[in-house]
Amino acid sequence: MKHHHYKTTIEWTGNKGSGTSNYRDYERSHTISVENKSVIEGSSDPAFRGDKTKYNPEEMLLSSLSSCHMLWYLHFCSEAGIIVTGYIDNAIGTMAETANGSGHFTEAILNPVVTITDEKQIKKAEELHEKANQFCFIANSVNFPVKHIPKILIKK
């Protein structure tokens, strides 16, 4: 088995002067950084006193699922001789908050709209989403279903 290692730095930037002296006295703002890459501004979901202009962990998880699926899908299309000229996914995730304040995702639904060049390859292009889902590292790492509802368009 081959192992890959990743490193990221999360730094809280929300100290307004008195730290976490009170639940309402600090911001949930933080930065997400990886060496030699752009910094991502993060916060919590606005429902949890976060900044709506910054990415929250729930959005990042959903984005990871969607981008991993897309990368595997493009790989399999390339191998199958399917020419993809466009790909966009409006992914949706559902998180259930429990009575004690914790929570968990119950599902993610990927809605990829893929544009290909050959109408004869629509069926195969649809089928490759299942294979991409089976190979996606992130989908294989979560404990909730990751569904996909693809739509295939033809570039005219």
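Structure values in brief
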{"item": "The chain: most fluctuating residue of N140, N15, N36 per GNM, C-alpha cutoff 10 Å", "result": "N36"}
{"item": "Share, in percent, of DSSP beta bridges within the chain that are antiparallel, nearest 5", "result": "70 percent"}
{"item": "20 Å cut-off, amide nitrogen to a point 7 angstrom out along L153 Cα→Cβ, residues in region 88-121", "result": "88-92, 110-121"}
{"item": "Neighbour-count order for M70, M60, M1, fewest beta carbons within 10 angstrom listed first", "result": "M1, M60, M70"}
{"item": "Size of electric dipole in the chain: Cβ of Lys, Arg +1 and of Asp, Glu -1, about Cα centre, debye, nearest 20", "result": "240 debye"}
{"item": "Cα-based Lys proximity count in the chain, under 14 Å, for pairs eight or more positions apart or on separate chains", "result": "7"}
{"item": "Trypsin sites (Lys or Arg not before Pro) within region 17-70: DSSP coil, no more than 11 neighbouring Cβ in 10 Å", "result": "R24, K37, K52"}
{"item": "Integer Hz, Karplus 6.51/-1.76/1.60 couplings in order for region 30-44, x for Gly and Pro", "result": "7, 10, 10, 9, 9, 3, 6, 10, 4, 7, 10, 8, x, 7, 8"}
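No lab work stands behind these numbers, since they all come straight from the coordinates. Please read all numbers here as calculations on a predicted model, not as lab measurements. Counting neighbours? That spans all protein chains shown, and the Cβs are built from the backbone with ideal geometry, glycine included.
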